[in-house]
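A single structure is presented below for examination.
The values are calculated or read from the model by the stated rules, or taken from the named source; none is laboratory data. Model, not experiment: these values are computed from the prediction. Counting neighbours? That spans all protein chains shown, and the Cβs are built from the backbone with ideal geometry, glycine included. We work out accessible area using only protein heavy atoms, side chains counted, and drop any ligands, DNA or RNA first. Shrake-Rupley method; radii C 1.70, N 1.55, O 1.52, S 1.80 Å.
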Amino acid sequence: MGIINTVPTANPLKLWYRQPAREWVEALPLGNGRIGGMVFGGVPRERIQLNEDTLWSGCPRDTNNYDAINYLQRVRQLIFEGHYAEAQKIIEEKMLGPWNESYQPMADLYIAFEHEGPIADYKRELDLETAVARVEYRIGDVIYTREAFISAVDQVLVVRITSSRPGHIALRAMLDSVHPYSLCRAGDKHMVLHGRVPIHVEPSYVSSDNPVIYEEGKGMEFECRMAIITDGVVSEGKDFKADNVNAHDGIRVEGASEVLIILSAATSFNGYDKDPALEGKDCSEACKRMLWDALQKSYRELLDDHIRDYQAIFKRVDLYLGTSEAVNLPTDERLRALQAGADDPQLIALYFQYGRYLLISSSRPGTQPANLQGIWNQEVRPPWSSNWTVNINTQMNYWPAEVCNMAECHEPLFDMIDQLRINGRKTARIHYGCRGWTVHHNVDIWRTTTPAGGSAKWAFWPMAGAWLCRHLWEHYEFSQDEEFLASRAYPAMKEAALFCLDWLVEDSDGNLVTCPSTSPENEFITPEGKRCAVSMASTMDMSIIWDLFTHCIEASRILNIDEDFRQQLERARERLYKPRIGRFGQLQEWFDDFDEHEPGHRHVSHLYGLYPGHQFTFKNEPHLVEACKRSLERRLQHGGGHTGWSCAWIINLWARLREPEHAYKYVQVLLKRSTYPNLFDAHPPFQIDGNFGGTAGIAEMLLQSHEGEIYLLPALPRAWETGYVKGLRARGGFEVDMEWEQGRLTRAVIRSLAGRRCRVRTSIPVEVEYNGKPYPAVGLEPGVIEFETEKGECYYLYSSEIKKI
């Protein structure tokens, strides 16, 4: 059937297309944090590929290497003697562990339509304002419409199909899965798919004769239940014929004007420490209950509750960066136009909001954190197991959570940290004889904290727990919630700091260093000319520990507790191996100025202290900021930033360096080089961290607050000459709106959420107004003012030449 198209009126917050999705990275994502769906929009067959965030291969197991500690001192001795390659060989042979398990696809919902005649006026879209996917087309004089959403309120997928003329819908709805399953009818309008995933899946990059292992009675169970509500005639679907439809029986509907499909999904997952086969939840009962509850509501009630819940988060932030004629083009055509050199600031604003949409859709209170692919995956052996890679990728997923006003979306990561602390204590003790807790670079749903297999350059890196603690501190910084700091953040931070205190050892000069140490996934050239990853005191290690100790010290003061421990951290922080500047003026990545094996490496780990950390700032370490800039320039000169997430990190780094045109260039590069037609990030293949890092980077260009002040428009590029943003959050407990014209701030509103003193930096002199009257502010230096605030009140900043707000 041919497709004839017309151009609809564009909505700035919609992704839309003239053709159905041909590939997975063209489909449109839906999600409620727990259930994910990819909507292809096909005619004559729709496919909605489904995930459930707890569906993983494997079961709890002890992955600790009880022999590792016996080699630690020998490895340290070799490193101090300069025998780096020999130390790495021992680590890889004696101190690593098994691979993680893999995140699994659940099922596919297929809807096969019985259509006759050519299809005209086809359009599919995803409305970011409502989190509803929609397909519309015409056959003859009949317009067919599908709407789909996944409700966080009711925990179901809802699909509504209508025709503009009565009785013109004929379809068959079917469920399928890549895993072994059984299928049964539960009444004439209900269907149940019950399956089981593998007990083990080897990562896709590991060669194996038997990479996917199913065992009877082992592995996690899952279930999907589908109900159909319609004014048409319902029957079994086995006699229905349509092209490219799988062979399983479905539910057939004919002569309908409207069909409503509601689908629930559940697994037997019962916690990271319980075997889902032996101690699992009853997924059938959970599925049945959720479906029954949803069926008590009308479609309008389901839709309204879904939109109300979603918009409570999404509507907090609004961004306008300008527009162009391209706003009327389909999203894939706009992307191609941008790649060809067109300007499209509204596409950048759409990309920003799409990142917020994806986090809201993949990370909600009570769910799993967003993994490498958020919650969307169709592969049994997904790229990098679709796990939580905690040497940058998981952390990047949550960079926009606080600044982009989605703090509750951060909660699943905090839950995971709580669970990792338990397993991580065992790993710290068994592997290294240390107190506290540790995590290495890969985590799965069973909360594995041990090193994975393979090379030490990725597997041996026990600093992930310390980095994850930054997210706890950030939540406090933005919220000023001292109860959260006392009950949840500080205990985890303190334990991570205890691990670091024990992990640190003295070098020959009396400095405290990590040893062994790697800089995630990168390698240097030894003096003997060998490629190697293992040495001591990598810059990232030392920056993360400086960060953690600093936050623990400050938290201890705020809470007025642990004075002795605070002093111990202060003394240890003073003795940490200091950052070094190398022969090219760059910040060294390793303790020595080694030659780099790959000068354009995708990781920029040594720049952690610039972003996301705050060790290197223009105020306290300007010479190290300049060294960071030189390091970044060298990386990029040698081809760095070639993956989507790496490019996103570079945006944030340039923003911190207050280099707006460089930051904007890499926003463009991210969209031009590392973005799929559905705006998913391309590693390649798909990896969602680049979406989240890109959104955070755009926010960082507009607002910064890491130096004890709110800096308005710190890296505004010329391309965004006029615009506004509403609802960004700043550290200290503030929410900020801004408008600008001709590249200059015209007005701002600062809402005080915690009643703290507010310090603001601007590029132009501003005055403060409160309740319609001038409000006293102290000028600290040119462009910097400070004023008192009250919780819940708004303060208006404006130039005396600009009309007051």
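Restricting attention to region 304-322, which residues are in contact with a Phe, Trp or Tyr (Cβ under 7 Å, 6 or more places away or on another chain) and either open to solvent by 50 Å² or more (accessible area, probe 1.4 Å) or more than 28 Å from A152 (Cβ to Cβ) (or both)?
Y320, L321, G322
Can you tell me which residues in region 179-213 are outside any loop (DSSP other than H, G, I, E, B), farther than 18 Å from G453 by Cβ and either among the hydrophobic types (A, V, I, L, M, F, W, C) or without any contact (Cβ under 8 Å) to a residue 12 or more places away in the chain (or both)?
Those that are outside any loop (DSSP other than H, G, I, E, B), farther than 18 Å from G453 by Cβ and either among the hydrophobic types (A, V, I, L, M, F, W, C) or without any contact (Cβ under 8 Å) to a residue 12 or more places away in the chain (or both): L183, C184, M191, V192, L193.
Then there's this: So if I check each of Q378, Q346, Q373, which one is closer than 28 Å to Q155 by Cβ, over 14 Å from the mean Cα position of the chain (by Cα) and not hydrophobic (A, V, I, L, M, F, W, C)?
Q378
Please give the number of the condition D188 fails out of (1) modelled with pLDDT under 95; (2) touching a Pro at 6+ places or on another chain (Cβ under 6 Å); (3) among the charged types (D, E, K, R).
(2)
Pull out all pairs, ordered by first then second residue, where Cβ-Cβ is under 7 Å, the residues are six or more apart or on different chains, the first lies in region 40-57 and is farther than 15 Å from W376 by Cβ, and the second is open to solvent by less than 20 Å² (accessible area, probe 1.4 Å) and among the polar types (S, T, N, Q).
Final answer for the pair search is S57/S102; S57/Q104.
Something else: Can you find a residue that is open to solvent by less than 10 Å² (accessible area, probe 1.4 Å), closer than 29 Å to C515 by Cα, without any contact (Cβ under 8 Å) to a residue 60 or more places away in the chain and assigned to a helix (DSSP H, G or I) anywhere in region 395-413?
The answer is yes, given that some residue of region 395-413 is open to solvent by less than 10 Å² (accessible area, probe 1.4 Å), closer than 29 Å to C515 by Cα, without any contact (Cβ under 8 Å) to a residue 60 or more places away in the chain and assigned to a helix (DSSP H, G or I).
Restricting to region 323-339, give me the number of residues that are open to solvent by 10 Å² or more (accessible area, probe 1.4 Å) and either closer than 19 Å to L716 by Cα or not in a helix (DSSP H, G or I) (or both).
Residues meeting the conditions: 3.
If D188 satisfies every condition in (1) of a type in the set (D, E); (2) in contact with a strand residue (DSSP E or B) (Cβ under 6 Å, 6 or more places away or on another chain); (3) buried (at least 21 other Cβ atoms within 10 Å of the Cβ) but one, which is the exception?
The failed condition is (3).
Identify all residues within region 374-394 that are open to solvent by less than 10 Å² (accessible area, probe 1.4 Å) and assigned to a loop (DSSP other than H, G, I, E, B); write none if there are none.
I375, W376, N377, P382, N387, V390, N391, I392
Here is a check on your reading of the model: is R566 among the basic types (K, R) and buried (at least 24 other Cβ atoms within 10 Å of the Cβ)?
No: the conditions fail for R566.
State yes or no: is C500 in contact (Cβ under 8 Å) with a residue 60 or more places away in the chain, touching a strand residue (DSSP E or B) at 6+ places or on another chain (Cβ under 7 Å) and open to solvent by less than 10 Å² (accessible area, probe 1.4 Å)?
No; evaluated as a whole, the condition is false for this residue.
Additional query: Starting from residues that are in contact (Cβ under 8 Å) with a residue 60 or more places away in the chain and open to solvent by 10 Å² or more (accessible area, probe 1.4 Å), keep the ones in region 728-748 and report whichever is farthest from the chain's Cα centre (by Cα).
In this case the residue turns out to be G732.
How many residues are aliphatic (A, V, I, L, M), out of contact with any Phe, Trp or Tyr (no Cβ under 9 Å at 6 or more places or on another chain) and over 15 Å from G31 (Cα atoms) when one looks only at region 118-166?
2
Do you know which residues across region 266-294 are in a helix (DSSP H, G or I) and surrounded by fewer than 18 Cβ atoms within 10 Å (Cβ to Cβ)?
Of everything in region 266-294, those that are in a helix (DSSP H, G or I) and surrounded by fewer than 18 Cβ atoms within 10 Å (Cβ to Cβ) turn out to be S284, E285, R289, W292, D293.
Touching a residue at least 24 places away in the same chain (Cβ under 8 Å), of a type in the set (K, R), touching a Lys or Arg at 6+ places or on another chain (Cβ under 9 Å) and open to solvent by 50 Å² or more (accessible area, probe 1.4 Å): which single residue out of R756, R751 fits that description?
None of the others qualify; the one that does is R756.
Continuing with the same structure: Please work out if R300 is assigned to a helix (DSSP H, G or I) and basic (K, R).
Taking the combined requirement at face value, the residue satisfies it.
Please enumerate the residues belonging to region 17-51 that are open to solvent by less than 10 Å² (accessible area, probe 1.4 Å) and within 18 Å of the chain's Cα centre (by Cα).
Listed by number, the residues that qualify are L28, P29, L30, N32, G33, I35, G36, G37, M38, N51.
Among the residues of region 519-541, write down those that are under 25 Å from L468 (Cβ atoms), aliphatic (A, V, I, L, M) and open to solvent by 10 Å² or more (accessible area, probe 1.4 Å).
M536
A further question on this structure: Report the residue count in region 674-704 for those that are free of Cβ contacts under 8 Å to residues at least 60 places away in the same chain, open to solvent by 10 Å² or more (accessible area, probe 1.4 Å) and part of a helix (DSSP H, G or I).
Total satisfying the criteria: 0.
Looking only at region 765-779, which residues are open to solvent by 100 Å² or more (accessible area, probe 1.4 Å) and charged (D, E, K, R)?
Within region 765-779, just K773 meets the criteria.
Would you confirm, using the coordinates I've provided, whether V513 is touching a residue at least 12 places away in the same chain (Cβ under 8 Å), among the β-branched types (V, I, T) and touching a strand residue (DSSP E or B) at 6+ places or on another chain (Cβ under 7 Å)?
So V513 fits the description; yes.
If you go through region 616-637 one residue at a time, how many are open to solvent by less than 50 Å² (accessible area, probe 1.4 Å) and in a helix (DSSP H, G or I)?
The qualifying residues number 10.
Check S177, S182, S208 and return the single one that is modelled with pLDDT under 95, under 30 Å from R61 (Cβ atoms) and either surrounded by fewer than 23 Cβ atoms within 10 Å (Cβ to Cβ) or among the hydroxyl-bearing types (S, T, Y) (or both).
After ruling out the rest, the residue left standing is S208.
How many residues, within region 5-16, are in contact with a Lys or Arg (Cβ under 9 Å, 6 or more places away or on another chain) and either modelled with pLDDT under 95 or surrounded by fewer than 15 Cβ atoms within 10 Å (Cβ to Cβ) (or both)?
4
Looking only at region 415-445, count how many residues are surrounded by fewer than 18 Cβ atoms within 10 Å (Cβ to Cβ) and either in contact with a strand residue (DSSP E or B) (Cβ under 6 Å, 6 or more places away or on another chain) or assigned to a loop (DSSP other than H, G, I, E, B) (or both).
So the answer is 2.
Which one of these does V725 not meet: (1) open to solvent by 10 Å² or more (accessible area, probe 1.4 Å); (2) more than 14 Å from G783 (Cβ to Cβ); (3) outside any loop (DSSP other than H, G, I, E, B)?
Condition (1) is where V725 drops out.
Could I ask something else about it? Go through region 638-673 and give me each residue that's of a type in the set (V, I, T) and either modelled with pLDDT of 95 or more or open to solvent by 10 Å² or more (accessible area, probe 1.4 Å) (or both).
Scanning region 638-673 gives I650, I651, V667, V669.
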